[in-house]
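A.B. asks: The structure that follows is given in the form of structure tokens.
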Amino acid sequence: MKDIDQELLKVYTVKSQTDKAISSLKGFLLGIKLDDEINIQEINELQKWVIDHRELMSRNPLNEFMTIIEEAISNKIPPKETIEDLYWLCQKYENDNYYYNAVTSDLQILQGICHGILADGIITDKEIYDLQKWLDENEHLNTYYPYDEIRSLVLSVLSDNKIDEEEKVVLMAFFKQFVQIQDDEVRQKIQDTTIDVNISGLCTSEPEVIFEGKTFCITGVLQRGNREKLHRDIIKLGGIPTDSITKKTDYLIVGDNGNPAWAFSCYGRKVEKAINLRKEGHTIMLIHEFDFSDLIDDLL
């Protein structure tokens with residue numbers, strides 16, 4: 001029965017999964033195009049994106065995308081033409097999709113843009129200025145996470161009308177929170193470049209946690225243990241576990257299920273609510289489950 005339920009779930013969710021994949025791909029292609037250069041690392045990352053979405057790629061309409069990408073990888077068509085053809089297909093799909101959710105899609109596109117920018121492990125001045133232009137053209141996302149934090153960071157970088165290398169590293173560290181780079185060499189390059197940068201936008205790095213009398217909420221799929229055990233550990237340390245985000249919540253533990261914590265992902269709702277409450281002045285700390293688990297291991 002469980003296997004049947006899983007198959008039914010796939011049938012019901014394949015439409016939304018396809019929408020998300022195509023929106024993310026569109027943003028990814030935009031990110032690649034920003035500096036007007038397409039290199040082998042970016043094409044390799046595109047190929048790995050295909051592998052990661054292979055199950056969806058066998059279905060309509062993504063099988064058309066698969067054909068174009070495979071032709072590009074086999075050098076049958078030039079990389080620049082490949083990107084243009086794929087982008088055209090993304091637009092065609094959106095125009096034909098009557099159930100298209102513009103806000104959700106635009107957030108997915110933003111994620112894809114960050115992916116495209118990081119695909120070769122380098123951020124250029126032109127990419128930053130073009131990203132600013134896209135952000136300015138999509139101000140309808142201003143109340144949505146993470147658009148607001150990305151725009152705030154980009155505006156801060158550009159406030160003095162110049163971009164230094166340290167600011168590029170900060171942007172890289174911020175973007176990598178939401179992007180799963182598939183190429184091992186590029187991913188390691190980004191990790192090495194940003195190793196000394198702490199970002200407080202989503203999850204607090206090296207958090208200082210007070211347990212006694214504080215309220216904890218968990219979101220997402222945990223890779224270390226399960227919620228029941230984590231609830232017991234929180235109680236042992238004097239904390240109060242809850243199932244929902246409120247103004248009284250002190251800490252939100254974000255599970256690492258392999259997906260970025262965006263507003264459209266499976267656990268983005270609580271993350272978005274926490275961010276909105278934080279903007280209103282409530283001190284809610286977001287902590288990655290690995291950091292939280294390490295902290296508990298040290299205390300128990």
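The values are calculated or read from the model by the stated rules, or taken from the named source; none is laboratory data. All figures in this text were calculated on a predicted structure; none of them were measured in a lab. Cβ sites come from the backbone with ideal geometry, for glycine too, and all protein chains shown count toward neighbours. Accessible surface is based on the protein model in full, side chains and every heavy atom, while ligands, DNA and RNA are left aside. Shrake-Rupley method; radii C 1.70, N 1.55, O 1.52, S 1.80 Å.
A.B. asks: Would you calculate the separation in nanometres between label points at His140 and Asp192, each defined as 7 Å from the Cα along the Cα-to-beta-carbon direction?
C.D. replies: Using points 7 Å along Cα→Cβ, the separation is 4.4 nm.
A.B. asks: Also: Could you state how much accessible area Val186 has, in square angstrom rounded to the nearest 10, with a 1.4 Å probe and all protein chains kept in place?
C.D. replies: Its accessible surface works out to 10 Å², give or take rounding.
A.B. asks: While we're here: Could you do me a favour and compute the accessible area per residue for the range 100-194, 1.4 Å probe, result in Å²?
C.D. replies: Details: 4140 Å² over 95 residues.
Ligands and nucleic acids excluded, the result is 44 Å² per residue.
A.B. asks: Leaving ligands, DNA and RNA out of it, work out the accessible area of Ile32 with a 1.4 Å probe and give it in Å² to the nearest 10.
C.D. replies: Ignoring ligands and nucleic acids, Ile32 comes out at about 0 Å².
A.B. asks: Full-extension gain between Asp294 and His282, please, as 0.36 nm times their residue separation minus the C-alpha to C-alpha distance.
C.D. replies: Length difference between fully extended and current span is 1.8 nm.
A.B. asks: Please give the per residue volume of the convex hull enclosing the alpha carbon atoms of the range 100-194, rounded to a whole number of Å³.
C.D. replies: Values: hull volume 8.6 nm³, N = 95.
Spelled out: Cα convex hull of the range 100-194, divided by residues, is 91 Å³.
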